[in-house]
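Everything on this sheet refers to the single structure shown next.
Please treat every number below as a calculation from the coordinates, not as lab data. The shown structure was predicted, so the numbers you read here are calculated from the model rather than taken from an experiment. Heads up, the Cβs are rebuilt from the backbone with ideal geometry, glycines too, and the neighbour counts pull from every protein chain shown.
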Amino acid sequence: MSAEHERNPLWLILVEAVHALPMYPSHKAYVRDSLALELPEITVEELSLRLDIPLGEAMVILHEIEEEKKGVSADVDDT
């Protein structure tokens, strides 16, 4: 995911809509704890097809997981 998505005014609306989906927390946990470990280079399209979820949900999940990894890396680098 690029920072270009975050600069788009519709990005925040997409994130809000995805966070309102009932299965979003479960999907994100599954991707973070299982699928991303098995397939670290999974694309948005592949994730959408594998989980049968909307492309927008896959985009948000991968973006948030990527940001979480950066946050953890930054925390480790600071010590």
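Okay, here's what the table says:
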| item | result |
| --- | --- |
| The chain - percent relative contact order, Cα under 8 Å, separation 6 or more | 30 percent |
| Net charge over other residues, Cβ less than 13 angstrom from the Cβ of residue 66 (K, R count +1; D, E count -1) | -1 |
| Distance between modelled label sites at residue 67 and residue 30, nm, 7 Å Cα→Cβ extension | 2.3 nm |
| Mean residue ellipticity (222 nm) of the chain, computed from DSSP H runs ≥ 4 via -39,500 (n - 2.57), nearest 500 | -20000 deg cm²/dmol |
| Mean Cβ count within 10 Å, highest first, over the residues of peptides 39-47, 58-66 | 58-66, 39-47 |
| Dipole magnitude of the stretch 3-78 about its Cα centre (Cβ charges: Lys, Arg +1; Asp, Glu -1), debye to nearest 20 | 220 debye |
